[in-house]
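Only the coordinates and a few stated rules stand behind these numbers; no lab work does. This is a predicted model, so every value here is computed, not measured. Backbone-built Cβ (ideal geometry, glycine too); neighbour counts: all protein chains shown.
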Amino acid sequence: MDRARLTAGLNGVTYGILGLGAVTTLWFMWRAGGEPSQPSWWLGVLPFAAWALAPYAAAALAVWRLRHSRVPTVVLFIAALLLSGFSVWVLYQVFVINLDAQSGLVFLFLPFWQLLALSPLFILAVRSRARASR
């Protein structure tokens, strides 16, 4: 099997991992929220949902931009595993194990920490692509 097909396959798996993490985040958000049948619920949740999904969108954009390079693909695959795995673990800890009145604050602070933690991996992926193209 050639490298291009392996890279494309790994990109697909990475998108799947990011999608699973995003859906899990939305599911925890839905469980933590009120009644989705109310229009006011949607108005209140949409800005928080966009912020909560920002790390997944940033990672997916990075995968798309670096999709033809093998080393960045591997780095972004690892980033997707860390992002999704850590997010699911934190959300499970906050909403199942240690449920508290302030649990909803995780949707404000977790995306910031996710983006901060992903930054070095994004930089590594971009630099490895630049190094490979020389």
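Summary of values
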item	result
Whole-Å distance, taken between Cα centres, linking region 1-39 and region 41-93	8 Å
FRET efficiency estimate (nearest 0.05) - Cβ-Cβ, residue 124 to residue 68, R0 22 angstrom	0.80
The chain: relative contact order in percent, alpha carbon pairs under 8 Å with at least 6 residues between	35 percent
Scattering curve values for region 7-64, log₁₀ I(q)/I(0), Debye with Cα scatterers, q = 0.15, 0.18, 0.23 Å⁻¹	-0.51, -0.66, -0.87
Pairs of Cα atoms farther than 21 Å apart, region 61-131, %	36 percent
Residue 108 paired with residue 96, simple spin-label distance in nm, labels 7 Å along Cα-to-beta-carbon	2.6 nm
The chain - Rg and Dmax from Cα coordinates, angstrom	16.7, 55
Sorted peptide list for 3-15, 80-92, 96-108, criterion being average Cβ within 10 angstrom, highest first	80-92, 3-15, 96-108
With Cα atoms, 0 to 90° folded angle of helix 106-133 axis to the chain main axis	10 degrees
Estimated Rh, region 24-102: Kirkwood, alpha-carbon pairs, angstrom	14.4 Å
